[in-house]
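For reference, the structure is listed below as structure tokens.
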Amino acid sequence: MEEMWRLVIMGAPGAGKGTLAERISGELGIAHIATGDILRAAVEAGTKLGQEAQKYLEAGELVPDEVVNGIVGERLAQEDCVRGFLLDGFPRTVEQAKALNGILTGRGEELSRVLVVEVEPEVIVRRLSGRRVCLNCGATYQVETLPPRVEGVCDICGGKLVQRPDDQPATIRHRLVVYEEQTKPLIEYYEQQGLVTRVDNSGAIGMAVEAALAALRAGSEK
Ligand code: AMP
């Protein structure tokens, strides 16, 4: 029988969640749904939804649940989700997790697994504090693992590379504490349902992808 994956991925800032989500959804042939990307695109396009969401995004605050839940409900009804999906950036709260449950239950479905990406805090600090962003085109680099050809200059457009203010070590540590506090109840909620699989991403990304896929496939044979 064809495998059906309904997944959620969670992880701290700098844990490599986005990259892992991209790779895992590609390997499994399922839709990668990143609520942050959907919201940013709506703001960019100036849709009604975008106008509603803009002030929250600019302040770095959560968009109200009814807005985000609505987006996810509509997105999950699209055709590319027939083989499954990987939700990235949603749910962010227990309330949203319950809403997701409601959406799925209404369709006679349930979540298969929740992937929690874990990395040692000091590794995250090293990765993020080495991140450089192009002021002109937004391309990102990493001084150790993905350096530009010329220091401080974007390979793509020649723009100036800078460090984002929130990528300073002290700020990164603070963001990690905030993440921990916010997501703890959500992880506990999914732990209680026996849905959590932890994936260590302190090493090479390829290893984390393999470990996640192996864990998913092993779980599905139970
Ligand atoms: P992200 O790209 O996941 O960091 O999301 C960027 C921004 O989009 C967040 O700071 C929030 O303002 C908004 N956002 C994304 N996902 C959610 C969500 N599940 N609930 C509320 N707001 C969200």
Q) How many of the residues in the stretch 30-57 are farther than 17 Å from residue 89 by Cβ and either loosely packed, with under 13 Cβ neighbours inside 10 Å or of a type in the set (Val, Ile, Thr) (or both)? A) 6
Q | Tally, over the stretch 183-203, of residues that are within 19 Å of residue 125 (Cβ to Cβ) and not hydroxyl-bearing (Ser, Thr, Tyr) | A | 3
Q: Check whether at least one residue in the stretch 56-76 is over 28 Å from residue 180 (Cα atoms) and either more than 7 Å from the ligand (Cβ to nearest atom) or not acidic (Asp, Glu) (or both), and report yes or no.
A: yes
Q. What is the number of the single condition among (1) in contact with a Lys or Arg (Cβ under 7 Å, 6 or more places away or on another chain); (2) surrounded by 14 or more Cβ atoms within 10 Å (Cβ to Cβ); (3) closer than 26 Å to residue 139 by Cβ that residue 176 does not meet?
A. (1)
Q) Out of all the residues in the stretch 147-161, is one or more closer than 28 Å to residue 62 by Cα and either of a type in the set (A, V, I, L, M) or at pLDDT below 90 (or both)? A) no
Q) Can you tell me which of 41, 31, 45, 53 is more than 12 Å from the ligand (Cβ to nearest atom), more than 22 Å from residue 113 (Cβ to Cβ) and among the hydrophobic types (A, V, I, L, M, F, W, C)? A) 45
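Conditions (1) assigned to a helix (DSSP H, G or I); (2) in contact with a Pro (Cβ under 7 Å, 6 or more places away or on another chain); (3) more than 20 Å from residue 11 (Cα to Cα), marked per residue:
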{"residue": "158", "(1), (2), (3)": "no, no, yes"}
{"residue": "178", "(1), (2), (3)": "yes, no, no"}
{"residue": "182", "(1), (2), (3)": "yes, no, no"}
{"residue": "186", "(1), (2), (3)": "yes, yes, no"}
{"residue": "191", "(1), (2), (3)": "yes, no, no"}
{"residue": "198", "(1), (2), (3)": "no, no, no"}
{"residue": "206", "(1), (2), (3)": "yes, no, no"}
{"residue": "214", "(1), (2), (3)": "yes, no, no"}
{"residue": "217", "(1), (2), (3)": "yes, no, yes"}
**Q.** Residue in the stretch 3-21 that is in a helix (DSSP H, G or I) and either surrounded by fewer than 14 Cβ atoms within 10 Å (Cβ to Cβ) or in contact with a Lys or Arg (Cβ under 7 Å, 6 or more places away or on another chain) (or both) present
**A.** no
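The values are calculated or read from the model by the stated rules, or taken from the named source; none is laboratory data. Quick caveat: nothing in here was measured; it's all calculated off a predicted structure. Cβ atoms come from the backbone with ideal geometry, glycine included; neighbour counts cover every protein chain shown.
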